[in-house]
Each structure stands twice: as C-alpha cells, then as structure tokens.
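The values are calculated or read from the model by the stated rules, or taken from the named source; none is laboratory data. The model shown is predicted, which means the values in this text are computed figures rather than measured ones. Here Cβ is always computed from backbone atoms with ideal geometry, including for glycine, and neighbour counts include all displayed protein chains.
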Amino acid sequence: MKAVKIFSVFIFGLLLTVPAHAKDLKIAYVELGGVFNNYQKTKEYDATLQKESQDAQKQMDAMITKIRDAQGKLALLKEDEKQKLQADIDKQKNDLLDFRNQKRAELAKKFEDMRKEILLEIEKVVSNIAKKDGYTYILNDTVLLYGDKGLDITDQVLKALNDSYPGKK
C-alpha cells in the first residue's frame, strides 16, 4: 500500500512539472485486472492449470487410498509383518507429502510464469496503442482515485489482445 501511495505522489508530481505543452497531453487509463482476467490466453492458461491441479489431486487421492488400504491390513498381521508394512506405509506417506509439495511448487511456478508472460503482452499492446493513438500517458487504474470513463481504454486493449491471440476461439 505504501508503494502505491509513493507511486501516486510521483505521478502527481510528474504531472505538476509537465512543461508548457501540457495542453497537448493525451491521457488514458486501463483496468489492468479486467484486461488480465478477460484475456483469452489467461482463461486458457487458467483451465490448463486447473486441469493439472485436478490431475495431481487424483494421483494424491490414489496414493491416500493405497495408504488407507495398507493401514486397514495392519490389525490382521503378525508383529514382524506389521513392522514391515508400517515402514512401507510411512514411506508412502512421505512420498505423498513430497509429491504434494512438488506439485504445489510446479503449479505456483507455472502460474507466476504465465502471469509475467501475459503482463508483458498487455504492456506491449498498451505501448502500441499509446504510440498509434498519440497518448502521452496511459495509467493503470489501481493508482487512480477517479477516472473519467471517456479516458478508459480497457476494452480497446482487451480487444487488441484477444484479436492478436492466435489461440482465440
């Protein structure tokens, strides 16, 4: 929150120090969250990550079932067989925890990589729109306290992203 305040003060100060050609300023803003969430590529990446998460959960469920089955057999075994089976159950539990931690880390990394990739694409599209349409500044809506809807180019950015996405449906 402190960084947002500092950035807001910086932007405000920057706008106050703009030279005499300030009347030629062309400013817009983008609702970054809306663009990110409604971009087709984001939706496809989310679906892929969701499927991977569900697949991992199925694998863990199978591992848990195997552990429970083994635990159910413990009471029926002789003492020396119980110890061997208990050691096997303990190993299976550790394997389950390792698998869970590995999958969580993999999915978190994939999500972060996806997020960075998409944000870079959004930045590129915004930059292209700024150059093409002659904007002096395009702001992220998170630093705005108020923005006239006429200055909102969110739909334009989202359309440009989705139109340029080769995987669009």
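Tell me yes or no: at least one residue of region 49-59 is aliphatic (A, V, I, L, M) and exposed (fewer than 14 other Cβ atoms within 10 Å of the Cβ).
Looking for residues that are aliphatic (A, V, I, L, M) and exposed (fewer than 14 other Cβ atoms within 10 Å of the Cβ), one finds none in region 49-59, hence no.
So how many residues does region 131-152 have that are part of a helix (DSSP H, G or I) and free of Cβ contacts under 8 Å to residues at least 40 places away in the same chain? Steps first, answer last, please.
Restricting attention to region 131-152, the residues satisfying the condition of being part of a helix (DSSP H, G or I) are 131-133, 141-143, 149-151.
From the residues that got through so far, the ones that are free of Cβ contacts under 8 Å to residues at least 40 places away in the same chain too are 131-132, 149-150.
Number of matching residues: 4.
Could you pull out the residue among ASP113, ASP88, ASP98 that is in contact with a helix residue (DSSP H, G or I) (Cβ under 7 Å, 6 or more places away or on another chain), part of a helix (DSSP H, G or I) and not β-branched (Val, Ile, Thr)?
Numbers: ASP113 fails: in contact with a helix residue (DSSP H, G or I) (Cβ under 7 Å, 6 or more places away or on another chain); ASP98 fails: in contact with a helix residue (DSSP H, G or I) (Cβ under 7 Å, 6 or more places away or on another chain).
After applying the criteria, what remains is ASP88.
Taking the numbered list (1) under 30 Å from TYR137 (Cβ atoms); (2) over 28 Å from the mean Cα position of the chain (by Cα) in turn, GLU79 passes all entries but (1).
Consider GLN92 carefully, then state whether it is farther than 19 Å from LYS43 by Cα and over 25 Å from the mean Cα position of the chain (by Cα). First the steps, then the outcome.
Numbers: farther than 19 Å from LYS43 by Cα: yes; over 25 Å from the mean Cα position of the chain (by Cα): yes.
Criteria met by GLN92.
For every residue, the table says whether it meets (1) hydroxyl-bearing (Ser, Thr, Tyr); (2) surrounded by 16 or more Cβ atoms within 10 Å (Cβ to Cβ).
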site: GLU112; (1), (2): no, no
site: GLU121; (1), (2): no, yes
site: VAL125; (1), (2): no, yes
site: TYR135; (1), (2): yes, yes
site: ILE138; (1), (2): no, yes
site: THR142; (1), (2): yes, no
site: THR154; (1), (2): yes, yes
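When LEU120 is tested against the conditions (1) within 24 Å of the chain's Cα centre (by Cα); (2) modelled with pLDDT under 95, the lone failure is (2).
Quick one: would you say ALA105 is under 23 Å from THR42 (Cα atoms), among the small types (Gly, Ala, Ser) and buried (at least 16 other Cβ atoms within 10 Å of the Cβ)? Taking the combined requirement at face value, the residue does not satisfy it.
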